[in-house]
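The values are calculated or read from the model by the stated rules, or taken from the named source; none is laboratory data. Keep in mind that this is a model prediction, so the values were computed, not measured. Backbone-built Cβ (ideal geometry, glycine too); neighbour counts: all protein chains shown.
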Amino acid sequence: MEEVIFYAFAALAIGSALLVVSLKNTARALFLFFIVLFAMAGLFLFALADFVAITQILIYVGGVLILMIFAFMLSNKELLADLQHTSAKFLSLPNAQSLVLAVGFLAVMVYGILEWQENTPYWITENIRQGSTIQPADNNINQLGIKFMTQYILPFEVVSIFLLMALIGAAHLSRKEENR
Amino acid sequence: MITLTHFLVVSVCIFCIGLYAVLAKRNAIMILVGIELMINSAVLNLVAFGRYDKVNYGGQVFALFAIVLAAASVAVGLAIILSVYRKYKTIDPNNITDLRD
């Protein structure tokens, strides 16, 4: 049962990601990107990372995607025309060189993964032997909060400063330049 | 039982789709979508490995950091795309060839 749902989420993610890159209409592709992100959040759940899945939905679907749609609508003057006549071609033809490069990289990586899976890293086998892997009944959010405030306090603060910088930078870049 | 290999294969598929989008698309927003797909596959890898590390929770913690950094990069990238559009009236990266005006 678990495997069936995992494969369903994986097929949903890969299939809609393929559609995202092959649709001609950018608005449709952006809305399909929603589905990819939701399916990826579902896959995170199978790795027992519930908080990461919720954060993915909150930040990506609530923030990033809305920003992208805003930018698309502000930047594309042919948006309405693009939405109206899609009858000519639904899918765009794949670009041959890029396709070869991406498929070649996929082949190399899959070969590497299949070769790798016989010798699992030492720390993974050690943690499985000691039983210190994350179990479905664990309280992840509690533990994550404690880790953020104790062990990972320096990266946490650095990320918050970085986020402030990015916010100020984005506001500065997108302001109207009147006195020039 | 879902093994590590399942996660790795799914995430490498998503990564290659994102790579294709970055290489082939003629629209800066779709290139940004491709970068987001690649970051998301990296996050899936972090989370899948982090499942075997209960002492440090390193995978999940750094997956959260990666999501936050991706959101920040998207905000700055879209601001740059908008100001480029205001100047050039296009967001096709092939047409943007000048470094200064």
Item to check | Unique residue being among the polar types (S, T, N, Q) and modelled with pLDDT of 90 or more when the list is A:THR26, A:THR55, A:THR86 | outcome: A:THR55
Item to check | Positions within the stretch A:14-29 being closer than 19 Å to A:ILE66 by Cβ, more than 7 Å from chain B (Cβ to nearest Cβ) and among the aliphatic types (A, V, I, L, M), in sequence order | outcome: A:ALA27
Item to check | Residue check for A:ILE128: within 9 Å of chain B (Cβ to nearest Cβ), among the β-branched types (Val, Ile, Thr), surrounded by fewer than 13 Cβ atoms within 10 Å (Cβ to Cβ) and closer than 22 Å to A:LEU45 by Cβ | outcome: yes
Checklist entry - Any idea which of (1) of a type in the set (A, V, I, L, M); (2) without any contact (Cβ under 8 Å) to a residue 40 or more places away in the chain; (3) touching a Gly at 6+ places or on another chain (Cβ under 9 Å); (4) buried (at least 19 other Cβ atoms within 10 Å of the Cβ) is the one B:VAL43 doesn't satisfy? => result (3)
Next on the checklist: Just to be sure I understand, how many residues within the stretch B:3-31 are touching a residue at least 24 places away in the same chain (Cβ under 8 Å), within 7 Å of chain A (Cβ to nearest Cβ) and among the aliphatic types (A, V, I, L, M)?
Outcome noted: 5
